[in-house]
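Undergrad: Input: one structure, supplied below.
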Amino acid sequence: MKLVRRHALAAAGAMIAVLAASPIVWAQSYPARPVRVIVPFAPGGATDIIGRPILQELSKRLGQQFYVENMPGASGNIGTAHAAKAAPDGHTILLAFSSHATNQFMFDKLPFDPVKDFAPITIAVKSPAVLSVHPSLPPKTVDELVALIKANPGKYSFASGGTGTQPHLAGEQFRMSLGLDIVHVPHNGGGPALASAIAGHTPIIFSTLSPAVPFVKEGKLRALAVTGKARSRSTPDVPTMTEAGYPNIEGDTWVGVLAPARTDPQIINLLHREIVGILRAPAMGERLVELGYEAVGNSPEEFAAQIGTESATWAKVIRAAGIRAQ
């Protein structure tokens, strides 16, 4: 009887040991299959453009394909909701835009909690917003644009990649601080917004700098100012809003990587380590500059803290401007 009991205890102990070790074994075998990376905006926008080269390198490093699935709509909420509901096994991750921190203040109810439903991995890159105009418009400076808008109240509108995105919020700061009669025209992502501006349908645009850079260099858009603290290395001739005389209009956009909540911390750490390694490679750094971005690669804890800080800051702008989801 004692022998049977000892065998039972030994078997139970072995089983406990296996169960305790299994998450480690499982995490070490990650990724076991291709990883879906949800981009909650249309192709061609900032999140899409900056995410693809990083994911290509991540695929090489980890031996499985990290593929993009664009799920645009509702200012990024449709794709984000899909990511929040995905299995927390690391095989679905989210490439989020800055609006991840602010959408909660514009919608009566979200189908996810931007904090509780996600495990931050890192902010990959940041970039200022840029105020640009179609070349058919005469202004070559921010002052000239302000004068044009004031001389034609209600005539002009500005495009952005979506309600509540950082470029939209920068545009609202611009509008409110100067008392301008100008209307916001949201689009379903940065790509469609740029297409509208380039076609002259919405000849004024606040956009993330990254996807606008090639069009600025080709002369299809005229960049008047960026919202960063310093000039971008991608467009060194374009002044900051502060240099242009508008110091209250400032703020960076970012692209961050998150996983569903309860994803194994070892998977989070693995993805963080590999993504930061990719960002620190000299070739990637140069490529990011060409695209209008600066590498960040902060820790999961720092990313979480930044979401909290930005939520508090932009909530004030959203409430003052009366911004609501459309």
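Undergrad: Using the structure shown, decide if PRO139 is surrounded by fewer than 20 Cβ atoms within 10 Å (Cβ to Cβ) and over 30 Å from ASN298 (Cα atoms).
TA: The answer is yes for PRO139.
Undergrad: Let me ask another. If I ask for residues that are under 19 Å from LEU291 (Cβ atoms) and either more than 19 Å from the chain's Cα centre (by Cα) or not in a helix (DSSP H, G or I) (or both), which ones from the stretch 197-215 would you list?
TA: Within the stretch 197-215, ALA197, ILE198, ILE205, PHE206, SER207, THR208, PRO214, PHE215 meet the criteria.
Undergrad: Another question about this same structure. (1) under 20 Å from the mean Cα position of the chain (by Cα); (2) surrounded by fewer than 24 Cβ atoms within 10 Å (Cβ to Cβ); (3) modelled with pLDDT of 95 or more; (4) of a type outside the set (Gly, Ala, Ser): which one isn't true of GLN173, the others all being true?
TA: Result: GLN173 fails condition (3) only.
Undergrad: Quick one: what pairs do we get from the stretch 127-140, first residue within 12 Å of TYR293 (Cα to Cα) and small (Gly, Ala, Ser), second in a loop (DSSP other than H, G, I, E, B) and at pLDDT below 95, C-beta under 8 Å, 6+ apart or different chains?
TA: SER127/GLY228; SER127/SER232; SER127/GLY292; SER127/TYR293; ALA129/THR227; ALA129/GLY251
Each row is one residue, and each column tells you yes or no for (1) surrounded by fewer than 21 Cβ atoms within 10 Å (Cβ to Cβ); (2) among the aliphatic types (A, V, I, L, M); (3) in contact (Cβ under 8 Å) with a residue 40 or more places away in the chain; (4) not assigned by TED's automatic domain parsing to the domain that holds LEU178.
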site: ASN248; (1), (2), (3), (4): yes, no, yes, yes
site: ALA259; (1), (2), (3), (4): no, yes, yes, yes
site: ASP264; (1), (2), (3), (4): yes, no, yes, yes
site: ASN269; (1), (2), (3), (4): yes, no, no, yes
site: ARG273; (1), (2), (3), (4): yes, no, no, yes
site: GLY277; (1), (2), (3), (4): yes, no, yes, yes
site: ARG280; (1), (2), (3), (4): yes, no, no, yes
site: MET284; (1), (2), (3), (4): yes, yes, yes, yes
site: ARG287; (1), (2), (3), (4): yes, no, yes, yes
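Undergrad: Specify the residue that is nearest to SER127 (Cα to Cα); the eligible residues are those in the stretch 216-245 that are among the β-branched types (Val, Ile, Thr) and part of a strand (DSSP E or B).
TA: VAL226
The values are calculated or read from the model by the stated rules, or taken from the named source; none is laboratory data. Remember, predicted model here, so these are calculated numbers, not experimental data. Neighbour counts run over all protein chains shown; Cβ positions are idealised from the backbone, glycine included.
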